[in-house]
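Have a look at the structure below before the remarks.
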C-alpha cells in the first residue's frame, strides 16, 4: 500500500451538537455514514440523492447480506446544507466510519484538514475542491467520477460545438450560487477566457435570492450574454429556469453543471425549458439489473423513503445516488480482496478508493449498464476523470444528445490543479502528502 508521509498535523476540537440517526446495526458492520440535507432550501435536490444512496445500500443488505458477510450501516446526519452543522455531523459520525460524505463544497473545505488528521476518506462525488484530483497532495480526499473543472471544460465544448475558437469574442455569463460550490469553476473559466478570448461575466446569486432572481435576470437582459452557464443547486435552479422562461432567454444557450440538471427543476417550466442542456456523469436506466433489484427488494418492499408513486426512482438524481453508493461499495470490495479481510479499517478503505476500476465490463457486472461513465482511480488520480454526457431537456425529460462521453481538457486543468494543490498545502502546513509510484 502507498505509504503516507509521516508529518505531524494539528487539529482543533469541535463541539458535538448534531442530531444523528443512531444506527440499529451490530458493531460488526461496514460504516458508511452520509451527511444529508432533507430539510432547508436545498432539500428538493438532497432528498432524491439521499434516497438513492440509501436504497442501494439497503438492496445490498437484502440481496447479498451486505458486502462479503458484513451488513452496511448507512446512517444519516442532517446538515440542512449548513457548513457549521456539517462539521458537527462529521465529528459526530467519524468514530467508526470508513468515510465521510460532506455533500457540500463548503463543508468539504472545512473537513478537508480534519479528515487528514483523523485519517478518514472524504468521498465528494463530483463536487468539492477540484484540486483534490491530486492524490499525492490529498491522500484522503476523493471526488470521482469527474470534477467541477472537468464539468466546466465539457460545458465549454458543448456550447462551442466542440471548437473553443467559436467562443472568441463571445460573452459568457456564469450564474452561480454565491457559495464555495458556485465559485469553484471560476479560476478555470477565467483561464479559458484569457486563452480563448471570450468575456466572462460573473453573476452571483445569494442564498436569500435563490427564489427571486429578478436582479440577476435584469442584468442578463441588459448584458445579453451569448451563453449562460448555471452553477445552481436546490431552489436556485428552479428560480433561474423560471426567470429564463419568463424573460424568453433562449434555452439552447443555457446550460448547467450536473447539479443543475435535476428533472424536478425542469418540470417547473416543462415545455418552456426545451433545449436546456446539462453535463452529467450519470444517467437513469430503470431497466438495468441493479434498478430491477432495487425495485424488487427495496421500493416494492416498502423499505424506501422515495416517492415511488411520484416517479422519484426514475429521476436523474435518485439514480445518481444509486451510482454513488455503488462506487463506495466497490471500494470496500476492492479493499476486502486486497487485504484478505471483510473487516477493513479506514486506511484500507482509502486504498480501496484509490483502486476503483469502473471499466465498461465491471459496470455491466454490477448491473449499472448506461448509468455511469467509465473511470478508474489511482494513487495520483483521485478523480478518475470519467468525463460526461450532454443531456438535453425535451420538455418532459432529459435525454442524452448522443452516446458520446465528452472528455475534459487535461492540458488546461492539470497544471491549474497542481498549482492550487500546492497553494493549499503550503497554506496549511504542516500537511501530510504521499508518494505515488
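For every residue, the table says whether it meets (1) surrounded by fewer than 21 Cβ atoms within 10 Å (Cβ to Cβ); (2) in the same structural domain as residue 127 (by TED's automatic domain parsing); (3) under 13 Å from residue 155 (Cβ atoms); (4) free of Cβ contacts under 8 Å to residues at least 40 places away in the same chain.
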{"residue": "193", "(1), (2), (3), (4)": "yes, no, no, yes"}
{"residue": "204", "(1), (2), (3), (4)": "yes, no, no, yes"}
{"residue": "210", "(1), (2), (3), (4)": "no, no, no, no"}
{"residue": "223", "(1), (2), (3), (4)": "yes, no, no, no"}
{"residue": "241", "(1), (2), (3), (4)": "no, no, no, yes"}
{"residue": "244", "(1), (2), (3), (4)": "no, no, no, yes"}
{"residue": "248", "(1), (2), (3), (4)": "yes, no, no, yes"}
{"residue": "261", "(1), (2), (3), (4)": "no, no, yes, no"}
{"residue": "268", "(1), (2), (3), (4)": "yes, no, no, yes"}
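For residue 97, the criteria (1) touching a residue at least 60 places away in the same chain (Cβ under 8 Å); (2) in a helix (DSSP H, G or I) hold in every case but one, which is (2). Does residue 395 fit the bill of being within 20 Å of residue 316 (Cβ to Cβ), in a loop (DSSP other than H, G, I, E, B), out of contact with any helix residue (DSSP H, G or I) (no Cβ under 8 Å at 6 or more places or on another chain) and not assigned by TED's automatic domain parsing to the domain that holds residue 262? For residue 395, the condition - within 20 Å of residue 316 (Cβ to Cβ), in a loop (DSSP other than H, G, I, E, B), out of contact with any helix residue (DSSP H, G or I) (no Cβ under 8 Å at 6 or more places or on another chain) and not assigned by TED's automatic domain parsing to the domain that holds residue 262 - is not met.
Scanning region 407-437 for residues that are buried (at least 21 other Cβ atoms within 10 Å of the Cβ) and within 20 Å of residue 155 (Cα to Cα) gives 408, 413, 417. Checked against (1) in contact (Cβ under 8 Å) with a residue 40 or more places away in the chain; (2) not assigned by TED's automatic domain parsing to the domain that holds residue 57, residue 89 passes all but a single condition, namely (2). When region 48-82 is limited to residues that are crowded, with 20+ Cβ neighbours inside 10 Å and without any contact (Cβ under 8 Å) to a residue 40 or more places away in the chain, the one that is nearest to residue 266 (Cα to Cα) turns out to be 61. Looking for something surrounded by fewer than 23 Cβ atoms within 10 Å (Cβ to Cβ) and farther than 23 Å from residue 127 by Cα - is there at least one such residue anywhere in region 313-327? No - not one qualifying residue is present in region 313-327. For region 106-123, the set of residues classified as surrounded by 24 or more Cβ atoms within 10 Å (Cβ to Cβ) and under 19 Å from residue 188 (Cβ atoms) consists of 108 only.
Counting only helices (runs of 4 or more DSSP H) wholly contained in region 124-221, the ones carrying 3 or more residues that are more than 24 Å from residue 107 (Cβ to Cβ) occupy 148-159, 186-192. For region 320-334, does any single residue satisfy the condition of being in contact (Cβ under 8 Å) with a residue 24 or more places away in the chain and more than 21 Å from the chain's Cα centre (by Cα)? So far as region 320-334 goes, yes, one or more of its residues are in contact (Cβ under 8 Å) with a residue 24 or more places away in the chain and more than 21 Å from the chain's Cα centre (by Cα).
The values are calculated or read from the model by the stated rules, or taken from the named source; none is laboratory data. Everything quoted here is computed from the prediction, not taken from an experiment. So basically every Cβ, Gly included, is an ideal-geometry build from the backbone, and we count neighbours across all protein chains shown.
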